[in-house]
1. At 18 angstrom or more along the helix axis (alpha-carbon based) and mean Kyte-Doolittle of 0.0 or higher, what helices does chain B contain? Whole DSSP H runs only.
2. Please report how far the C-alpha centroid of the stretch A:1-64 lies from that of the stretch B:1-48, rounded to the nearest whole angstrom.
3. Under a point-charge model restricted to the Cβ atoms of Lys and Arg (+1) and Asp and Glu (-1), what is the dipole moment magnitude of the stretch A:2-245 relative to its Cα centre, in debye to the nearest 20?
4. Under a point-charge model restricted to the Cβ atoms of Lys and Arg (+1) and Asp and Glu (-1), what is the dipole moment magnitude of the stretch B:191-312 relative to its Cα centre, in debye to the nearest 20?
5. May I ask for the longest run of chain A untouched by GluC sites (Glu not before Pro) that are loop-located per DSSP and have at most 16 neighbouring C-beta atoms (other than their own) within 10 Å?
6. Could you give the accessible area per residue of chain A, probe 1.4 Å, as a whole number in Å²?
7. If you take the charge dipole of chain B about its Cα centre, with +1 on Lys and Arg Cβ and -1 on Asp and Glu Cβ, which of B:114, B:212, B:196 is farthest toward its positive end?
8. Of the trypsin sites (Lys or Arg not before Pro) in the stretch A:197-249, which ones lie in a loop per DSSP and count no more than 12 other C-beta atoms within 10 Å?
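The values are calculated or read from the model by the stated rules, or taken from the named source; none is laboratory data. All values derive from a computational prediction rather than experimental measurement. So basically every Cβ, Gly included, is an ideal-geometry build from the backbone, and we count neighbours across all protein chains shown. Keep in mind that these areas ignore ligands, DNA and RNA; they rest on the heavy atoms of the full protein, side chains included. Shrake-Rupley method; radii C 1.70, N 1.55, O 1.52, S 1.80 Å.
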Amino acid sequence: MKVLVAVKRVIDYNVKVRVKPDNTGVDLANVKMAMNPFCEIAVEEAVRLKEKGIANEIVVVSIGPKACQEQIRTALALGADRGIHIEADEDVQSLDAAKLLKAVVEKEEPKLVILGKQSIDTDNNQTGQMLAALTGMGQGTFASEVVVDGDKVNVTREVDGGLMTLSLNLPAVVTTDLRLNEPRYASLPNIMKAKKKPLDVTSPADLGVEIAARLTTLKVEAPAARSAGIKVADVAELVDKLKNEAKVI
Amino acid sequence: MSILVIAEHDNSSLKQATLSVVAAAKAIGGDIDVLVAGENCGAVAEAAAKAEGVAKVLVADNAAYGHFLGENLGELVAEVGKGYSHILTSAGTTGKDFMPRVAALLDVAQVSDIIRVESADTFVRPIYAGNAIATVKTSDSIKVITVRPTGFDPVAAEGGSASVEQLDVVKDAGLSSFVGEEKAKSDRPDLASAGIVISGGRGMQNGDNFKMLEQVADLLGAGMGASRAAVDAGFVPNDMQVGQTGKIVAPQLYIAVGISGAIQHLAGMSDSKVIVAINKDEEAPIFQVADYGLVADLFEAVPQLEEELKKVL
Ligand SMILES: Cc1cc2nc3c(=O)[nH]c(=O)nc-3n(C[C@H](O)[C@H](O)[C@H](O)COP(=O)(O)OP(=O)(O)OC[C@H]3O[C@@H](n4cnc5c(N)ncnc54)[C@H](O)[C@@H]3O)c2cc1C
Ligand SMILES: Cc1cc2nc3c(=O)[nH]c(=O)nc-3n(C[C@H](O)[C@H](O)[C@H](O)COP(=O)(O)OP(=O)(O)OC[C@H]3O[C@@H](n4cnc5c(N)ncnc54)[C@H](O)[C@@H]3O)c2cc1C
């Protein structure tokens, strides 16, 4: 079966995020960008399905400016077969991302679409569910285990009370949680090979989707700073402070 | 304006998070209805009818909603919600699962995880793991919103007397079915609403050592949490993870034991009123947010803490 994976270019998770002094957003000039960690997990899962002989082709798609092709190449080096870059310089919000991905799904007809559960920049946690609704597919969100079984897929989900397992008809959408797998690193030969793998560039217009931002960011501020308190000498002092100063026990 | 709040519950009791969502709805202003969708969930509907500020409770009681499948809830809420100006639910795993489907079916954007209401169309939400706080305005006619419960003080659970109306809308998308679940059983307070939380990290070394923390938790009536490293290492189950991608907590007192204080962990607990850190490394970043820091070996400090607490409690 064919697997489609959506990968997003975001700020590297190790980078300390700084809000711009004019409060219009976060400073992304000259910061290290990388594949969203949840998307790395999505790529890894697809590659494992291929290694098990369940998937026979992995297509990766990314939406955004030209630089997104770096993340597509990374996915190709990890084992994806072909890339699609939907070039968009404007603000593509989750609903539009889902509409663009729907257009790709209609063309490619994958049996399984794997996305990250959230991207670590906007922390929206929306795109996969929106795509599933728009395409009329079932969804297995926050997945920690994915088992394909004939024309169904069983997905174990990380939910507030513990774990929950669902059976979904294929085609279906899966969004990844942290414990689904541990992504591999790309080897140098594979990075070289990835440069020769096909990467098609398309646009929202080609796909018949009009980008229409519904949300306007009025301002972005730094969170109220929490200042460091005091160091206590021992446990007795700690308990005394909690009881008599902070009055929380 | 008219606001529809989707209740979070387990078919037998209403989650406190819903009372915080009603508080967010009050901050927006307008008539507030609550939709309780589930199976044999009459007790939840009764509880919702007593919540302060609720005008009407709508109940969709059907096997199709028993396991809160996102496909079925998505269709139901999109149908019931289309006459409202705002649709709100809590940003727990159930709300995060079905709500974006509602938004997509209504062709509107979703505003995720709000912590403040500025006006009927403008909301405040954390982005970048809480390292930035964005104020966003939506131009859609129906506003679909998930609410971070720690951002809003819950309304009173008692005192209201809303009418209760049964709905006979059954939406069964037939796309998914429930196979099974593994619920962590615990008599401790729910992590998300506990007044005190004690969490362990990689420094705990193994799952058995968490028993030390349990003893302290039992003395304090505290909920138990963990860092991702402790969960990934298999010390404790996943539902204990606090952080950007786990639970967001804001208790009166948060005690971090053997946790370094990575930005993704801080994202889940830095709104706690008082933070205590116990760590043997005095350079650990957790001390930068701790009100009271104790530089010590946790294997000595935690048993001492238990003894000292026994003296004063
Ligand atoms: C050039 C550009 C500028 C932007 N500027 C702003 C801005 O100033 N303010 C603002 O609020 N938003 C901005 N956005 C939009 C913001 O990034 C969207 O909210 C985002 O594309 C969709 O939401 P999300 O990534 O949080 O989705 P989530 O639902 O959190 O992401 C879940 C998963 O969906 C998939 N996915 C999401 N987006 C993409 C993508 N682009 N390509 C491939 N897969 C994807 C990934 O698998 C991801 O793990 C901008 C986007 C672009 C491309
Ligand atoms: C996309 C993404 C999402 C993430 N989401 C989360 C999340 O939601 N929640 C989360 O917690 N993390 C999350 N992380 C992981 C995070 O980056 C850290 O790796 C993690 O929080 C570290 O856990 P820790 O503090 O327990 O472990 P460590 O960083 O290894 O720290 C262990 C600490 O224990 C101390 N210690 C060791 N032995 C003792 C002793 N005997 N006595 C006292 N102190 C001792 C050490 O000094 C050290 O400070 C995420 C990471 C990514 C990339």
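1. Correct list, ordered by number: B:16-28, B:93-106.
2. Their Cα centres are 35 Å away from one another.
3. Charge dipole, the stretch A:2-245, about its Cα centre: 520 debye, nearest 20.
4. So the dipole magnitude of the stretch B:191-312 works out to roughly 280 debye.
5. A:91-209
6. Counting only protein heavy atoms, the per-residue value for chain A is 43 Å².
7. B:114
8. A:247
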